[in-house]
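Colleague: Submitted below is the structure of interest, expressed as structure tokens.
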Amino acid sequence: MLEFILGRAGTGKTTLLRAQLAAEKTAQAILIVPEQYTFETERALLETFGVETANRIRVYSFTRLAEAAFLRYGGQAGKRLTDGGRRILMTLAIEACADQLTLFEKSAASGRMTDVMLTAVGEMKLCGIAPDRLTEVSALAGDSGLCQKLREVALIYGAYESLVQQTYLDPLDDLTRLDALLAAHPDFFRGASVAVDAFDGFTVQEYRILTHMLRHADSVRVALCCDDLDTAKRDLFSPVRRTASRLLRIARDNGVAVAAPVRCETPHRFQSAELRAVERVLACGAGEAADEGNAVVFHAASPYEEVEFTAAEIRRLILSGRYRYRDISVVCRDG
């Protein structure tokens, strides 16, 4: 069964998800979070529910999940490829293909091709694209230039993969190897309650692992930061809704039941009404942001005016005597 827990930031999705997982008495409880949140999640489970429950719930990232499966069924033996090793092998692959390159002949000769191809291969592995698939697509390309470019990229990619497979295990292939391993051992998730938290989206490799979870686990709960599942909307939460839509499609394709979503609507994170109002305006454009001390909304005509206002506000706070520079943070987005 697939169940979504929906809500904007700070509405208690994570708290609810952990409480549901802790309350279940299944033999296998699994919580999947991004790599950087694994330690924080384990500590929170220990502090909130105690040692017995914290030990019962297995906290994994997708990488740690692969390691656990390899330890159980095998597949981890071998030399792990490092970034330096990747660079050497890619250079050798390009040199081996140099006589067959036309469009990339000059780039290959100058050595500039190595970094570009490493980035491209990394992206293609995340998307589950193998060299032979790239060759197939190149034959379908109507543009001769694009066709040749795809063919040469596939050629270098294939040569690189051959060199890797002779001696090394590439960590970028871990989830691809995990996908094959889970297909051969469906009992890994059988009878488990799985929860997935703190993701906005997934790679193709990760969707394949989620497919195995949906097929074989007793239940899969996914917490997503959005207020509904209406994909027709175009707003801040559109990418997350597309993630939910893809998971729903996977569930339908595999005959998995889908429960009604649980909605978390009460904002717990903000301590003042003004900040809650600002969050509501930024998230869904509803209501008006208050301007009563805890939050100030300033409409700047240019980035320079925005910076000047920020500097003046910092100066005012310091001169008031209530704050020091170390108490103040400036948070801005890129771009």
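Colleague: Evaluate the stretch 225-245: report whether one residue or more is exposed (fewer than 14 other Cβ atoms within 10 Å of the Cβ) and closer than 20 Å to Val194 by Cα.
Modeller: The answer is yes; a qualifying residue exists.
Colleague: Could you please let me know if Cys147 is open to solvent by 10 Å² or more (accessible area, probe 1.4 Å) and under 30 Å from Lys13 (Cα atoms)? So that I can check it myself, show each step before the final result.
Modeller: On the way: open to solvent by 10 Å² or more (accessible area, probe 1.4 Å): yes; under 30 Å from Lys13 (Cα atoms): no.
Against the criterion (open to solvent by 10 Å² or more (accessible area, probe 1.4 Å) and under 30 Å from Lys13 (Cα atoms)), Cys147 does not qualify.
Colleague: Can you spot a residue in the stretch 203-226 that is more than 20 Å from the chain's Cα centre (by Cα) and of a type in the set (A, V, I, L, M)? Give the steps one after another, and end with the answer.
Modeller: In the first step, residues of the stretch 203-226 are kept if they are more than 20 Å from the chain's Cα centre (by Cα); the result is 215-219.
From the residues that got through so far, the ones that are of a type in the set (A, V, I, L, M) too are 217.
Yes: one or more hits.
Colleague: Given the criterion surrounded by fewer than 18 Cβ atoms within 10 Å (Cβ to Cβ) and aromatic (Phe, Trp, Tyr), identify the matching residue among Tyr168, Tyr157. Walk me through how you get there before you give the answer.
Modeller: On the way: Tyr157 fails: surrounded by fewer than 18 Cβ atoms within 10 Å (Cβ to Cβ).
Within the list Tyr168, Tyr157, the selection yields Tyr168.
Quick grid of which residues meet (1) surrounded by 10 or more Cβ atoms within 10 Å (Cβ to Cβ); (2) under 33 Å from the mean Cα position of the chain (by Cα):
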| site | (1), (2) |
| --- | --- |
| Val297 | yes, yes |
| Ser302 | no, no |
| Glu306 | yes, yes |
| Ala311 | yes, no |
| Leu317 | yes, no |
| Gly321 | no, no |
| Arg324 | no, no |
| Cys332 | no, yes |
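Colleague: Here's a follow-up. Return the total of residues in the stretch 251-276 being outside any loop (DSSP other than H, G, I, E, B) and closer than 22 Å to Arg215 by Cβ. Steps first, please.
Modeller: We begin by selecting, within the stretch 251-276, every residue outside any loop (DSSP other than H, G, I, E, B); these are 251-253, 258, 262-263, 273-276.
After this cut, where a residue has to be closer than 22 Å to Arg215 by Cβ as well, the list is 251-253, 258.
Adding up the residues that qualify gives 4.
Colleague: Restricting to the stretch 97-122, and then to whatever is in contact with a Ser or Thr (Cβ under 9 Å, 6 or more places away or on another chain) and open to solvent by 40 Å² or more (accessible area, probe 1.4 Å), can you tell me which residue is modelled with the highest pLDDT?
Modeller: Going through the qualifying residues, I end up with Val116.
Colleague: Out of Thr38, Thr82, which single residue is among the polar types (S, T, N, Q), open to solvent by less than 20 Å² (accessible area, probe 1.4 Å) and either out of contact with any Asp or Glu (no Cβ under 7 Å at 6 or more places or on another chain) or touching a residue at least 40 places away in the same chain (Cβ under 8 Å) (or both)? Write out each step before concluding.
Modeller: Working: Thr82 fails: open to solvent by less than 20 Å² (accessible area, probe 1.4 Å).
Exactly one of Thr38, Thr82 is among the polar types (S, T, N, Q), open to solvent by less than 20 Å² (accessible area, probe 1.4 Å) and either out of contact with any Asp or Glu (no Cβ under 7 Å at 6 or more places or on another chain) or touching a residue at least 40 places away in the same chain (Cβ under 8 Å) (or both), namely Thr38.
Colleague: Condition first: open to solvent by less than 30 Å² (accessible area, probe 1.4 Å), in a helix (DSSP H, G or I) and without any contact (Cβ under 8 Å) to a residue 40 or more places away in the chain. Can you find one or more residues in the stretch 54-65 that meet it?
Modeller: So in the stretch 54-65, the residues open to solvent by less than 30 Å² (accessible area, probe 1.4 Å) come out as 54, 57, 59, 61-62, 65.
Those still in the list that are in a helix (DSSP H, G or I) too: 54, 62, 65.
Add one more test, that the residue is without any contact (Cβ under 8 Å) to a residue 40 or more places away in the chain, and what stays is 54.
Yes - at least one qualifying residue is present in the stretch 54-65.
The values are calculated or read from the model by the stated rules, or taken from the named source; none is laboratory data. All values reported here derive from a predicted model rather than from experimental measurement. Counting neighbours? That spans all protein chains shown, and the Cβs are built from the backbone with ideal geometry, glycine included. What goes into the accessible areas is simple: the full protein's heavy atoms, side chains included, and nothing from ligands, DNA or RNA. Shrake-Rupley method; radii C 1.70, N 1.55, O 1.52, S 1.80 Å.
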